[in-house]
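The values are calculated or read from the model by the stated rules, or taken from the named source; none is laboratory data. None of these values were measured; they are calculated from a predicted model. Neighbour counts run over all protein chains shown; Cβ positions are idealised from the backbone, glycine included.
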Amino acid sequence: MSNKQSELQKKFFVLRETSLFDFPMVKQIVFINNDVRLINEMNDKFGEKIVQINFTGNIQESLKIENRNHQLVKIFPKNKKDIIQISKALKEKRFLICPAYSINKLEDISIVSSMDLIIDLIPIIENIDFDLSMEILNYYLHNQNLNVSIEPFHSILVSKLHQKPKTLWNMNLLNPDMFYFSDGQGLAEDSKNFQNQDYRYLIDHQSRTFQKQKYRSHLDSFFKSLPETRPDCLACPHFHICIGWALYQKDTCTKWKKILSILQDASREIQALEKFEKEHAIIPSEKKK
């Protein structure tokens, strides 16, 4: 196996079509598609490769997706009413709810979570008001009746507790070391690049191989310029999780810095509590013979 093929086997391919499913080096696929029939057909043939399905179509139709245990399925409801109507079925399917409607108050989230549905705010968290973002975070951390996670807060907290960083780039499927997007002609680090024909690899369908292109992407430029353009960024205590995401194509990282600081404090409190309980655990005496 060539080094190129070995490298690509470690990547996640974010696909909107089916042309790359049967490429031998394509092992991990995030499939973005709204055709349930096609999703199920691909699952029958290549289900072991599909690790995530993003479905933005009618959520009633999403219930027909025949997902597998290892797959993460994200759906994007356009209003709360649709979620409420089929909440039991969505819970049984273990789908993640990514609201495609505006989040203007805590109830927009709490109503959904009260039905034991996992919420993923990664696609829209930048659009949520700062104060409301803090309110949702506080709800996640301190509501004793909450039985499900709210992302990305939960994954970040767990990664801090177990010291296994999961970066914001990974959560947003925009880590050039892990994710490539395909439009059938080539592989790029970002789906926006397709408009410019700016590919990392060109696809040779006949030989089922990829021909690497030599170019410096805007993501390459961003990472390499961080030490010079954002020196404070590298010194930030949250850099190991953010790695500049909060300032990528943005002017400020105030919201993310606050979120990560609160989650860091929460992880320390949990660790301190666990240590206290372990040190003061009551050891039952042995039963008399």
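Structure above, values below:
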quantity: Evaluation of residue 83 against (1) touching a Pro at 6+ places or on another chain (Cβ under 7 Å); (2) not in a helix (DSSP H, G or I); (3) not small (Gly, Ala, Ser) (one fails), failing number; calculated: (2)
quantity: Any chance residue 65 is crowded, with 16+ Cβ neighbours inside 10 Å, assigned to a helix (DSSP H, G or I) and of a type outside the set (Asp, Glu); calculated: no
quantity: Filter result for the condition that a residue is more than 18 Å from the chain's Cα centre (by Cα), in contact (Cβ under 8 Å) with a residue 24 or more places away in the chain and crowded, with 18+ Cβ neighbours inside 10 Å, over 187, 157; calculated: 187
quantity: Residue 87 being among the small types (Gly, Ala, Ser), closer than 27 Å to residue 152 by Cα and surrounded by 16 or more Cβ atoms within 10 Å (Cβ to Cβ); calculated: yes
quantity: Strands (runs of 3 or more DSSP E) wholly inside the range 159-230 containing at least 2 residues that are within 22 Å of residue 32 (Cα to Cα), of a type in the set (A, V, I, L, M) and modelled with pLDDT of 85 or more; calculated: 186-188, 201-204
quantity: Inter-residue pairs, beta-carbon under 7 Å, first farther than 17 Å from residue 175 by Cβ and in the range 213-227, second surrounded by 13 or more Cβ atoms within 10 Å (Cβ to Cβ) and at pLDDT 80 or above, 6+ apart; calculated: 213/199; 213/200; 213/201; 213/202
quantity: Verdict on residue 27 being on the phi < 0 side of the Ramachandran plot and in contact (Cβ under 8 Å) with a residue 12 or more places away in the chain; calculated: yes
quantity: Qualifying positions in the range 55-77 - touching a strand residue (DSSP E or B) at 6+ places or on another chain (Cβ under 7 Å) and closer than 15 Å to residue 37 by Cβ; calculated: 55, 62, 65, 67
